[in-house]
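For reference, the structure is listed below as structure tokens.
The values are calculated or read from the model by the stated rules, or taken from the named source; none is laboratory data. Source: prediction; values computed, not measured. Cβ atoms come from the backbone with ideal geometry, glycine included; neighbour counts cover every protein chain shown. Note: areas computed on protein heavy atoms with side chains; ligands, DNA, RNA excluded. Shrake-Rupley method; radii C 1.70, N 1.55, O 1.52, S 1.80 Å.
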Amino acid sequence: MPTRRAVLAAALTVLAAAGCSGSGSGEQQADQQTVVVSTFPFGVKEFEQAVVTPFTKKTGIKVELDTGSNADRLSKLKLAKGEPEADVVLISDYFAALGQKEGLFQKVDVPNMKQLAPFATEGAYDGPAYTHQLNGVIYNTTKLSQEQAADWGLFANAANKGKVALPDISVTAGQLMISGVGEAYGKGPYDIDTSLKTLAGWAPNVLQFYTSTTEVTNLLTQGEIVAADALSGFATQLVTSGEPIAWTAPAEGRYMATNRAMIPKGARNPQGAAKFIDYMLSAEAQSATAKIVGDLPTNPKAEIPADIAKVTGEAAKDPVAAGFKTLDPAQLVGTRDTWVDRFTREVAGK
């Protein structure tokens, strides 16, 4: 017959086990009520206002943001070794492709993907594009006409020596420019030899190969340059503020980049992640991000604000109809290091 002490010990063991079980269940339940979103470090307050707050209000799911550069956040994901902190990763297409090559992401399939423009759900990526960025030329309207700005030849014109800027290959516009020049002067967007040779010929005219938005806008507003190859988003605030600035798509060689919504393998709350991405892709959320954040939508049903329409026209809603194309990540991931090295030596180092 068991002693009183043995019975008491057994009871305590049962209670301890029940307590542990309850704690684990509580933690799991808490995980399901929180989504960790890895995103860019800029426009965070605007993103919270446009997407995070209404999503939480609608679903009851809390959102924690983890910010950083594309490269830093991708490295963090690699170091996690299948146990990532993030449930959703918002990242540029090139870095999304790098992560896919490492097997870091799982396939995203949510209802609102059916509403998106075809380029936003192309099969090269595991996750959909939630915004896109158009490459073109931002210019001073008192110095250049739209026709002059749309011609790549303006960067080769000796009359513009020291009055133009081009992006470094390290920024999004850099690869889009290289591909645009490759198409305009060579055999296509991946004709790196022709593109670099052409850009090297323009290098003596280039005041600066920029690496940030601030550099370009300062050069323009201070009158140091008359034009620069740049993403359309660079121009929106300048145009609406009344500066004599405009943006135009190039006459040929039109390329765009996308930002992708990805779910990492091993995400603790994949269901919540899917709900968050689905909301991001809705016309409601895409209209809000266009208005508040300035993102170009991938859902054709989203409303385009007047300030964005003033800069990009119909290309904001239907970039493909306006002649813009995306780049094949398979053509870029394996060559990136070589191209960066060549650009530095053959173009920027001139």
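Okay, here's what the table says:
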item: Residue list for segment 198-213, filter: open to solvent by 50 Å² or more (accessible area, probe 1.4 Å) and either in contact (Cβ under 8 Å) with a residue 60 or more places away in the chain or closer than 21 Å to residue 231 by Cα (or both); result: 204, 207, 208, 211, 213
item: Close pairs from segment 47-74: first under 14 Å from residue 293 (Cα atoms) and open to solvent by less than 60 Å² (accessible area, probe 1.4 Å), partner in a helix (DSSP H, G or I) and among the hydrophobic types (A, V, I, L, M, F, W, C), Cβ under 8 Å, at least 6 apart; result: 47/293; 50/285; 50/288; 50/292; 50/293; 51/280; 51/285; 51/288
item: Criterion: crowded, with 18+ Cβ neighbours inside 10 Å and in contact with a Ser or Thr (Cβ under 9 Å, 6 or more places away or on another chain) - qualifying residue of 216, 239, 164, 181; result: 181
item: Test: residue in segment 322-333 that is open to solvent by less than 40 Å² (accessible area, probe 1.4 Å), of a type in the set (Val, Ile, Thr) and in contact with a strand residue (DSSP E or B) (Cβ under 9 Å, 6 or more places away or on another chain); result: yes
item: Residues satisfying the stated conditions in segment 115-133, i.e. within 19 Å of residue 301 (Cα to Cα), of a type outside the set (Ser, Thr, Tyr) and either modelled with pLDDT of 95 or more or open to solvent by less than 30 Å² (accessible area, probe 1.4 Å) (or both); result: 115, 116, 117, 118, 119, 120, 128, 129, 132, 133
item: Boolean, residue 319 is more than 16 Å from residue 247 (Cα to Cα), open to solvent by less than 20 Å² (accessible area, probe 1.4 Å) and either without any contact (Cβ under 8 Å) to a residue 12 or more places away in the chain or not hydroxyl-bearing (Ser, Thr, Tyr) (or both); result: no
